[in-house]
Amino acid sequence: MVKASLFSPATPHFFQPFLLGSKSHLNIPVQFFSEHIEGKHEGKTVTLRSDASEKTWKVKMEGQRLTHGWKEFVEAHVLGVGDFVVFRHERDMLFHVTALGPNCCEIRYTLSGSRCQEDEEESGEIDKEVEKNLTKFVKLTPTSASFETGRQHLPASFTRVNGLIKPGKIILVDKKGAEWAMELKVETTNGSIMYMYIMSRNGWSIFCRVNEVRAGESLTLELIRGGASPMLKFCSKMEQPPFEAEASAHKRAKWSQEIKDKTAEEGEPSHRTRASKETNANQENLQDKQPCSVSDLLMTKVKHSVVSTLTSIRRFREELKTKEQELEDTLQEIKNLERRRQRE
């Protein structure tokens with residue numbers, strides 16, 4: 001007897017990519033839910049099993065979501081961003097789950113139930129790459145004192161991981177793409193603890209005003225160039241509470257006039273100079289970049305995981321098509337063989 005197709009109605013399947021929120025719950029695809037669950041099994045507890053263990057897991061289904069109990073299943077199978085899971089509906093709310101890694105192959109487990117080292121390292125590489133991207137962003141909250149002194153401390157967690165540990169020049173880029181040259185300085189406490197800070201007597205306060213950031217508000221900067229002369233680009237500012245929004249609008253005109261007055265007194269600031277070819281090239285590149293919102297800190301990670309998962313899904317689909325074609329060819333050969341026997 002010919003083996004049933006992978007997509008046989010007797011054992012319907014669905015698969016889902018493992019994204020950031022997948023550890024706490026998993027959504028069942030709308031079409032699968034409407035065809036095989038809706039009106040029949042809503043609100044029940046589903047049973048999950050896998051080839052990795054003889055144990056079964058009871059998971060609550062709330063609407064189209066698998067919730068309570070799903071986290072335990074995830075932890076037992078060491079699933080992470082970049083993996084995805086294939087569900088095979090065997091009978092009354094019993095699912096066999098197959099976990100696939102970023103390489104689109106079934107994840108292998110040891111006898112103790114832990115994930116094989118090679119598979120775990122490959123999955124971990126995605127998370128490490130995402131975390132690396134997130135370290136390029138830093139949130140600063142200037143105060144009235146920092147505006148007066150022109151001194152803004154940088155978090156040690158940001159400076160150390162990005163190698164900003166030596167004094168020198170630092171360039172800030174405002175939301176319009178203009179460059180502001182400032183000093184990156186170092187301060188030590190008790191001769192051992194080191195802090196880095198930005199120093200520019202008037203430049204720091206004017207830079208914040210150009211970006212419409214007041215004392216007490218937060219802004220996010222992105223490190224777009226490291227090395228001896230690092231460059232930080234203005235990314236966003238924290239959205240103001242509703243009760244402050246109106247007051248802010250009234251003060252923008254005043255800020256604009258103050259900036260003009262400062263510029264007139266000090267002359268054209270050197271931090272806006274674009275005479276060199278290198279600066280021109282940097283400016284063109286920066287103008288091509290659109291300002292990002294505060295949520296981009298999380299969106300970077302989500303985007304990376306979605307792209308990675310889509311790539312894995314496309315590979316998986318191609319393999320399924322190849323396998324399906326092989327089964328179709330085998331079935332056709334069997335039919336031809338049956339016809340020949342009937343003729344004989």
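The values are calculated or read from the model by the stated rules, or taken from the named source; none is laboratory data. Bear in mind that the values here come from a model prediction, so they are computed numbers and not experimental data. As a convention, Cβ positions derive from the backbone with ideal geometry for all residues, glycine included, and neighbour counts pool all protein chains shown.
Some notes on this structure:
- The criterion of being more than 23 Å from the chain's Cα centre (by Cα) and farther than 21 Å from L320 by Cβ does not hold for K23.
- G163 being on the phi > 0 side of the Ramachandran plot and modelled with pLDDT of 90 or more: no
- From the options G21, G63, residue that is small (G, A, S), modelled with pLDDT under 85, exposed (fewer than 14 other Cβ atoms within 10 Å of the Cβ) and over 30 Å from T330 (Cβ atoms): G21
- Among residues of region 155-174 being among the aliphatic types (A, V, I, L, M) and surrounded by fewer than 19 Cβ atoms within 10 Å (Cβ to Cβ), the one that is nearest to S218 (Cα to Cα) is A156.
- Cβ-Cβ contacts under 8 Å between residues 6 or more apart (or on different chains), taken from a first residue in region 39-50 that is over 14 Å from F73 (Cα atoms) to a second residue that is among the small types (G, A, S) and modelled with pLDDT under 90, are listed as E42/G63.
- Failed item in (1) under 15 Å from K139 (Cβ atoms); (2) exposed (fewer than 14 other Cβ atoms within 10 Å of the Cβ); (3) of a type in the set (S, T, Y), with S218 passing the rest: (2)
- Scanning region 110-159 for residues that are on the phi > 0 side of the Ramachandran plot and at pLDDT below 75 yields one hit, G113.
- Within region 207-220, the residues that satisfy the criterion of being out of contact with any strand residue (DSSP E or B) (no Cβ under 8 Å at 6 or more places or on another chain) and not charged (D, E, K, R) are V210, A215, G216.
- Which numbered condition T47 fails, given (1) hydroxyl-bearing (S, T, Y); (2) surrounded by 15 or more Cβ atoms within 10 Å (Cβ to Cβ); (3) within 30 Å of the chain's Cα centre (by Cα): (3)
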